[in-house]
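Participant: My structure is below; once you've seen it, I'll send some questions.
The values are calculated or read from the model by the stated rules, or taken from the named source; none is laboratory data. Quick caveat, the model's predicted, so the values are computed rather than measured. Ligands, DNA and RNA are excluded from the accessible area calculation, which covers all protein heavy atoms including side chains. Shrake-Rupley method; radii C 1.70, N 1.55, O 1.52, S 1.80 Å.
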Amino acid sequence: MGFYNTEALILKARDWGEADRLVTLFSRDKGKLVAVAKGLRKPQSKLRGGVQVLSRSELMLHTGRSLDRITGSQSIHGFDLGDSLDKLTCGMYWADLLDRILPEREANPPIYELAMKSLAGLEASDSGRFPLEAFSLFFEWNLINLMGYQPCLDCCVLCREPLEPEREREFNFSAGEGGLLCRSCSPGTDGRVRLTAPTLAILRRWSAISFNHFNRIAVSPASRQEINTVVESVLLYHLERDLPSRGFLNRLGG
Ligand SMILES: [Zn+2]
């Protein structure tokens, strides 16, 4: 294969050997991959600027036997979230989540666009007044849908009976079954997540709108809590492991 160029978001970088770093990148046209940046920790390295975490970069790589090697890098945009610790923690969590959820070397341009738009929205947000927790949940919800994990919210996932937020007040949700369950399919509440009608209405709307319209839908603290539980249960079900970096959401609260 030899040399190739790609645009990518840098998700993670960790030290490797004496002076190298292993870089996890999310390439727009190649998907997630781990590449080595040789000599990156030397002060004179020319690669530095383009391989910072949360940088959107143009990279040149060379195909290797086990790992590809980054031979050139130029930052297109380094997302600057440094004006608020919460924003930075949120951006780092998204990078960690993308790293864990994306399969290796499978391009997914819609998720790449989602990451770019979300990070740009996060960067531009006014840290004191912005509903950061709801925005992060909106990012996760979009990501879940684009990964193909979209839960069934129109009807009972088992018997297909339609479920209307106008008629019922409360619903049971099961990540394992893949969506809502009607009362006869879910007589108890063991292992179920409770979802009230207003929250269900928000999630249905969230599935249908773009980032530009996020602010038009108000989310009450109670609904935010319910959405948090739903999203967490779906992520845990599909990732089959904990997401320690997600803990910051619970800390944000208000
Ligand atoms: Zn049912």
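Participant: Averaging sequence separations of C-alpha pairs under 8 Å and six or more residues apart, then dividing by the length of the chain, give the relative contact order as a whole percent. Please list the in-between numbers first.
Facilitator: Numbers: 406 pairs, mean separation 36.0, N = 254.
Relative CO of the chain lands at 14 percent.
Participant: Just the Cα atoms of segment 88-136: what Rg and Dmax do they give in Å?
Facilitator: 11.9, 38
Participant: For the chain, list log₁₀ I(q)/I(0) at each q in 0.11, 0.12 Å⁻¹, using the Debye formula over Cα point scatterers of equal strength and ignoring solvent, two decimals each.
Facilitator: -0.65, -0.75
Participant: State the antiparallel share, in %, of DSSP beta bridges confined to segment 3-78, rounding to the nearest 5. Write out the running numbers ahead of the final one.
Facilitator: On the way: 30 of 32 bridges.
Close to 95 percent.
Participant: Could you check how much of the accessible area of the chain is carbon and sulfur, as a whole percent, using a 1.4 Å probe? Mind showing how you got there, number by number?
Facilitator: Values: 6060 of 12680 Å².
Using a 1.4 Å probe with all protein chains present, the chain comes out at 48 percent carbon and sulfur.
Participant: Show me, for segment 40-53, the HN-Hα J-couplings you get by feeding each phi into the Karplus relation (A = 6.51, B = -1.76, C = 1.60, θ = phi - 60°), rounded to Hz, glycine and proline as x.
Facilitator: 5, 7, 7, x, 8, 4, 7, 7, 2, x, x, 10, 7, 4
Participant: Considering only DSSP beta bridges whose two residues both sit in the chain, what percent are antiparallel, to the nearest 5? Walk me through the numbers before you get to the answer.
Facilitator: Details: 38 of 42 bridges.
Just about 90 percent of them are antiparallel.
Participant: Would you mind telling me which residue in I227, I111, I101 has the biggest mean-square fluctuation in a Gaussian network model of the chain, where springs connect alpha carbons within a distance under 10 angstrom?
Facilitator: Looking only at I227, I111, I101, the largest GNM fluctuation is found for I101.
Participant: How long is segment 3-78 along each principal axis, judged by its Cα atoms, biggest number first, in Å?
Facilitator: 31, 29, 19
Participant: While we're looking at this one, here's another question. Which of the pairs K12/K46; K42/K117; K30/K117; K42/K87 have their Cα atoms more than 27 Å apart in this structure?
Facilitator: Check vs 27 Å cut-off fails for K42/K117; K42/K87.
Participant: May I ask for the distance between the Cα centers of segment 97-170 and segment 7-74, given as a whole number of Å?
Facilitator: 28 Å
Participant: Using each residue's phi in segment 124-137, evaluate 6.51 cos²θ - 1.76 cosθ + 1.60 at θ = phi - 60° and report the 3J(HN,Hα) Karplus result to the nearest Hz, with x for Gly and Pro.
Facilitator: Listing the rounded values in order: 7, 6, 7, 4, x, 10, 7, x, 4, 5, 5, 5, 5, 5 Hz.
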